[in-house]
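The values are calculated or read from the model by the stated rules, or taken from the named source; none is laboratory data. Here the structure is a predicted model, which means the values were calculated and not measured. So basically every Cβ, Gly included, is an ideal-geometry build from the backbone, and we count neighbours across all protein chains shown.
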Amino acid sequence: MQVDAFAVEDFPNLAKYAGYTSTSKLRVCIATEEILGPVRNGGIASTYYHLAKGLAARGHEVHVLYLKGARVENETPQHWIKHFAEFGVTLHYLHHTSKTIIGPSHNWQGRYDAAYNWLKTQKKFDVIHTSEWRGGLIYALMAKKLGLAFQETLFIVKTSSPHLWNRHYQMQPIAKRDLLPASFAEQKCVELGDIVIGGSAHLLCFMRHVGYRLPSATYVQPNILDFSEVNVIDRRSPRRAGEKVHTQELTFFGRLEMRKGIELFCTALDLLEREGISPKAVNFLGKYGEALPNQNNEKVADFIRRKAKNWSFEVNCVTNLNQPEALSFLCSRDMIAVMPSLIENSTMAVYETLEHNVPFIATNVGGTSELIDSQDHSSCLIEPTAFQLAERLKHALKDGHQIPRASFSNQENLKTWYGFHAYLAETFDKKSVNDSIAKLIDPSLFNAEHRQKSIIGNLEVIVLLRENESAMAFVTSLLADPPDTVSVLITDPALEDAGFEVVEYLQNKGISSKLCRFIGFPAGEAFNHTMDASEADACILCDGTAVHFASDFCADIRVAIQRQQNTLFSSFVELPDNKIIMPIGSDVVSEVVFGNSVGASVVCVPKNLIEQLGGLQPYDLRFGLLQEFVLRASKEHGIDLLVIPECRLTSPFELENIIQNNAHASYLRSMPLIENDNIAYRKLALLPHTGSGSLKFQSKLYRDKKRRDDEPIWLVHADRSRKLGNRWSKVALGLDESESRILCVAIGPGERFLSVNGTEQQMSLLSQAGEATLHFFDIPKDWPEGERYNIKFHLVNKDRTRTQFIRVIKLSTNVFAAVSGGVILDRDAAESMFSRHDALFKIPGIAAKKLQSSLDIEEHKVTEPAANLDVATARFQERRRPFLSVGRVLSMLRLKRKFLRLLRGYSGSPIKASIPPKELLALNPTHVEGWAWDRRDTSKKISVVLEVNGVVLAEAKADRYAERFGSRNKKLAQHGFMLLVPKEARDESAEVTVKVKEDGSIVRNGKLKYLSEMLVAQ
């Protein structure tokens, strides 16, 4: 763990509200990533579960917004809705956005946007509780600070476990890159919260130490845990705090992972074993965590198993219990709980052991000591080293161990939490909600807000013309919600006429405007001179005219500058094809690594900040000037960018016309990090980053002369089979390289869903036959280059969840790599897996066997087995084969194929296309395969259609690779096609014809009839 470079300071608590009562009630929402039920256990989950249940019991209207969506660790989503309803709480699963998000993190920002929109559309909540963990309400909090929403709602942010804190104390890098912007969102949720309540002063002081600006209304209060609602069975003799307990059983209590000290604990046990002083039994009580980096990424279960080989005592791993069952295990007999964490905020394990009088030994890290009476620190707290833990365990096993006392009364803590909410309810009823919230946050801030409301809100748009094409569309967009004045900047003499036209148009529409000629001057200087001369309350800077104003942009800015004069403002930008540029704020790291953290080149600057910030860089660069300005304002002056979480800006252009990641733009965005007194930081900031495109190869480097620019390139393991080894697999993933398409095969009952980086995505059903399905997911064209996408396909039923995984890396434009621990099926293998299952279970013998199995199960349910069943007879029946076995059926099919080959002749032209005879031998075929090409131009891809009674019902391109078609001519292997057989073709009176689309010719063996469950050539 890390050694702290800061002192822990005191914070006020909420004790003055203890016991407060009121008949007034609140409407409360708890927006959380975790809560007991959908997840098995955890600190955040426990706290919010008890808060929801306790507030509902006291008559408040309580709603829980579960930010992860309808994905639960046990039971079903509907089960937990009913469970919460039983004690008066309404559980909502957040539906994540289907928009294509262009920003630092598609995954997390989609969740943030969905949470904001859900809250915005609900009836007003009086109080919204949330944790900073993962930053779920950043956009909702921004909307409140801007004065655009939630003005009569109090946001209470609980500090829990920010990712930066987690990585710092575990001394590990941020392995998942999309947690960089999530870490920024965590910080902003704390800074933008109305009231912040921490479980420990230690975490709050860490936040302040690393740069968080804590709000004035920041408190420390132990987490709310109402153990009267937790059904714990205690089989011990009555125990009380301060009593000494003698036992020879130890229990590691907590998640089995590095942060909770699993390695430290096992090393301490090694030391005890070495000295010949060992317990009789050791239990590991908790869920398995991630693999252990210090043990070559060994799984925790394997690590414990390896260590246990050298121990002489009994070892038990108990990993599947929920909170009540886990606590009942601890209280089933006397044992010493051990919590040797490397870092903790306000650990749930200590709350639980204190409440149930379980003796424990814990490490003196984070906020743990704040929960324990100071007189017991020396007996139950140790430094986080294996030696000290072994020494304390040695004494505890020999002399017994004292049950520690808490530093607070849990009953008084409950009274404080419930009294605080009673006070809020009564205050909101008796006084103006706005005024009440403002005074709770900070009275001085409240008065300042009233002074700011005298601002009129005059706006001046300062736009630099960069091109002719979009200039008139830009100024037209101003008419719906016009600013007060417009200044049109010209630095390029070629655009002077366009400038005159724009100004004249605006003046004719009644908007005050002027042309500002800065011919030959850098763009930065043109902006700076115009801003300095402006008399408006705020200037909206527009670098170019590719981004247009939508309705209410100026109206929202006018509201925002009345509430916040010390911030910069921007907005989401709507693009074609349901895409949205979604900035997250002035996070330098996210902008450097991913881009689009600041957003498009439209930023509003309040007048009072213009002189303070010093203006734009005096450069004449097309992209990056405004981004550098925003990031420098944050780094040097602490001025944030707040984002209007609505599409108040729009553009008809694609992203590359608005934002470009060229070398100059990347340098400008990195300047806040480059301009550093330490040369090491300067050099580090000058390194190319994935987001800037510097590390990505050009697309042409992956292509040979025969590959077109628009043709996808996929890199997969060359030495791995693309065929399925286990023919009875229930779930498989495949890849159709020609279409950049993930194929998902599932066989059996259950729900199918696909997720990308943890977010569920929409799949399309390609084909279905009984319990077999073939879905596909097209790789989005707008996925950023250099990013990794973890794709999981799940088949979920009551018994189990089956999952297949594939990781896709976008290397360059239309160039991808795909890796997986399992088989990545090619298109033929994925489709044949589906069709084989369909055909196999339509063979009479197998279908009969499956039916008989079902009948046997039903009979077993209603009939008791005979007690004196003859064993020999039973074994004989077990071995007895059905009359029509799978082997015999397949043997008959082989004979049938040979017979058909003799009878079937060839017709049609062999020049264009062919369906080889052996491709027409499947029972109840789901598809027809063949090849088609123009041998005069083998790069051309022929299209083939399937007609039924003269009507085209299916079409496919002959661009599939099928090795079997290349037996006579290797080139033919590149020109395979597959047509799905529609149900209309399964009529013996139907005329089925396969034709080449280009010239209408019938392919060889392309005139077909459906006879005796087979398609045969006429």
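What the table below lists for this structure:
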read-out	value
Residues that are within 28 Å of the chain's Cα centre (by Cα) and either free of Cβ contacts under 8 Å to residues at least 40 places away in the same chain or not in a helix (DSSP H, G or I) (or both), drawn from the stretch 654-683	E654, E656, I658, I659, Q660, N661
Condition met for L946 (more than 14 Å from E919 (Cα to Cα), aliphatic (A, V, I, L, M) and either more than 48 Å from the chain's Cα centre (by Cα) or not assigned by TED's automatic domain parsing to the domain that holds L921 (or both))	no
Meets criteria (in contact with a Ser or Thr (Cβ under 6 Å, 6 or more places away or on another chain), of a type in the set (G, A, S) and modelled with pLDDT under 90) for S729	no
Residue match in the stretch 594-617 (condition: of a type in the set (D, E, K, R) and under 21 Å from H106 (Cα atoms))	no
Failed item, numbered, when S1012 is tested on (1) under 26 Å from S738 (Cβ atoms); (2) polar (S, T, N, Q); (3) at pLDDT below 85	(1)
Single residue of I233, I277, I224 found to be outside any helix (DSSP H, G or I), among the hydrophobic types (A, V, I, L, M, F, W, C) and touching a Cys at 6+ places or on another chain (Cβ under 8 Å)	I233
Any hit, the stretch 73-90, residues being within 15 Å of the chain's Cα centre (by Cα) and modelled with pLDDT of 95 or more	no
Qualifying residue in the stretch 10-20 (condition: over 20 Å from the mean Cα position of the chain (by Cα) and hydroxyl-bearing (S, T, Y))	yes
Qualifying positions in the stretch 621-653 - aliphatic (A, V, I, L, M), touching an Asp or Glu at 6+ places or on another chain (Cβ under 8 Å) and outside any helix (DSSP H, G or I)	I644, L649
Options L141, L119, L180, L204; residue that is touching a Leu at 6+ places or on another chain (Cβ under 9 Å), in contact (Cβ under 8 Å) with a residue 60 or more places away in the chain, part of a helix (DSSP H, G or I) and within 30 Å of P576 (Cα to Cα)	L119
Pair list, Cβ < 9 Å and 6+ apart or interchain, from the stretch 553-569 residues that are touching a residue at least 40 places away in the same chain (Cβ under 8 Å) and acidic (D, E) to residues that are surrounded by 19 or more Cβ atoms within 10 Å (Cβ to Cβ) and in a strand (DSSP E or B)	D556/F569; D556/S571; D556/I644; D556/E646; D556/R648
Which listed residue is surrounded by fewer than 20 Cβ atoms within 10 Å (Cβ to Cβ) and either free of Cβ contacts under 8 Å to residues at least 12 places away in the same chain or touching a Ser or Thr at 6+ places or on another chain (Cβ under 8 Å) (or both), from K995, K971, K1009	K971
Qualifying residue in the stretch 263-275 (condition: in contact with a Ser or Thr (Cβ under 9 Å, 6 or more places away or on another chain) and among the basic types (K, R))	no
